[in-house]
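J.: Got a structure for you, questions after.
The values are calculated or read from the model by the stated rules, or taken from the named source; none is laboratory data. The structure displayed is predicted, hence computed values, not measured ones. Using ideal geometry, Cβ is built from the backbone for each residue, glycine included, and neighbour counts are taken over all protein chains shown.
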Amino acid sequence: MSRNCDKPGAAGFTLMEVLVVLACLGMILWMAGQLLFPMRAAAERQRLQVEARQTARSATDYMGFVVRGATDMNDAAKPRNPAALLPYLWRGATTGAGNFPTCPGSDCVQLSYNNVDQGGTRFASDGTDIITLTAAQVTYPVRLDSASAWPSPFDNSAVEYWAFSVACSPANDALNFSTFKDLTKDPDNVNQSIPLLLVDPASGTWLTYRITDYRDGSNTQTCTNKDPGCILVGTNVSCIQVSGDPENASNLNPPGGPRAFPNLPNLVVGSQFRAMRVCNGWLEQKEGLFDPANDANCDPLAAGTVEFPDYVAKAGWSPLLGNVEDFQIAYIFNNGETWNGPGGTLLAAQGCTDGVPSFNNAIGTPNPYDARSVIGLRITVTARSSTPVRGEGKAAFRPPAAEDHDPTTAPSDTYYRYQASVIAMLRNRTSGI
């Protein structure tokens, strides 16, 4: 008997079948790539667009907040003192009675700028603006207590008694003194104060003032054992004793203003001078007055530099936002005009120099283009994406014009840019100067 055993066939794919499958897979991957890569590129372009938009809007929102917080520290006097906006201050010492010299002029220190020449000054990025403002964040009007008229003496450092009693109910001597120091001290030099304001509440005139010695040993009992030298309107009051120098060869004071106050002044502690600028792609803020001698620290980038560098620390300045390309200020005056805008920059014929408002604090009707005549600011910021657009799909173009700054010599590139503006009114000025 015989049995037929069938030999099983060999399992697997033929070479032709494998090639057909690979061809199909390749076709599927190619079609998926045609969808995926454009979607990925579109998402990256959208991210860069949103990045530039968010930077510009964040910068204008913050600048609007700072401008709205700026104040002249005096609501009663008209014309109001122009401490909110500072284009110039006068540096030097004078003798005898009379007013400080006017600005622009000899010994005037410029604090706000229009279209900076970076290569010539090293103040800020080329073509951008600088603004210096005074903001009252926490204001404690502190009254001077002295048996003699203020200031006496004026030309030398003297001891002053400032009425201050924030922590005297219930009495806490140490807290009262430490609070005063916290509101006034210079973070870079705790033995002296930041620049402070002395304001005559009746006339609106003002001076800058710096405490040079906190006299710690003389302020151990500011509440419980009142200094016999602290007499205000015939009453012994709680006070802080300090040494200060309202005028010396290096101090800055408002031009055209009187050197003496007819009334007891207020020392406004908690107020802050602020300067804003753009330096090599970074919006920066300085807590204090812009100083042309010490703030010439924004070096031009090397020729051919395209991407903004990492932030470089500078004494007194803090970075706010990166990838800010342009920062422009337009001044809104109470006569209805706005300068500096497209095609219009403040001129010498208007009593102005370097495209910033004039500044004469002398009593009388101010120039229509004086700092006291400014009722608001229009801030324009140009921001760009952190990286350029890679590959095809975006034409190269140069940075756009903003206000009276047109960067015609800037090279073209493929960065996304967004320009935003905000109008902010200076507090207490819209009702009239």
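J.: Quick one: would you say ARG40 is modelled with pLDDT under 95, within 29 Å of TYR311 (Cα to Cα) and outside any loop (DSSP other than H, G, I, E, B)?
T.: No, not satisfied.
J.: Criterion first (buried (at least 18 other Cβ atoms within 10 Å of the Cβ), at pLDDT 95 or above and either of a type in the set (Ser, Thr, Tyr) or touching a Cys at 6+ places or on another chain (Cβ under 8 Å) (or both)) does TYR88 satisfy it?
T.: For TYR88, the condition - buried (at least 18 other Cβ atoms within 10 Å of the Cβ), at pLDDT 95 or above and either of a type in the set (Ser, Thr, Tyr) or touching a Cys at 6+ places or on another chain (Cβ under 8 Å) (or both) - is not met.
J.: Within region 375-397, does at least one residue satisfy the condition of being closer than 22 Å to LEU89 by Cβ, buried (at least 21 other Cβ atoms within 10 Å of the Cβ) and charged (D, E, K, R)?
T.: Among the residues of region 375-397, not one is closer than 22 Å to LEU89 by Cβ, buried (at least 21 other Cβ atoms within 10 Å of the Cβ) and charged (D, E, K, R), which makes the answer no.
J.: Of all residues in region 349-374, count the ones that are under 14 Å from ASN114 (Cα atoms), at pLDDT 90 or above and surrounded by fewer than 24 Cβ atoms within 10 Å (Cβ to Cβ).
T.: The number of residues fulfilling the criteria is 1.
J.: Something else: In region 178-197, what residues are assigned to a strand (DSSP E or B) and surrounded by fewer than 21 Cβ atoms within 10 Å (Cβ to Cβ)?
T.: Passing the criteria: LYS185, ASP186, ASN189, VAL190, ASN191, GLN192.
J.: OK, next. Can you find, within region 63-75, the residue that is nearest to the chain's Cα centre (by Cα) among those that are at pLDDT 85 or above and farther than 14 Å from THR382 by Cα?
T.: VAL66
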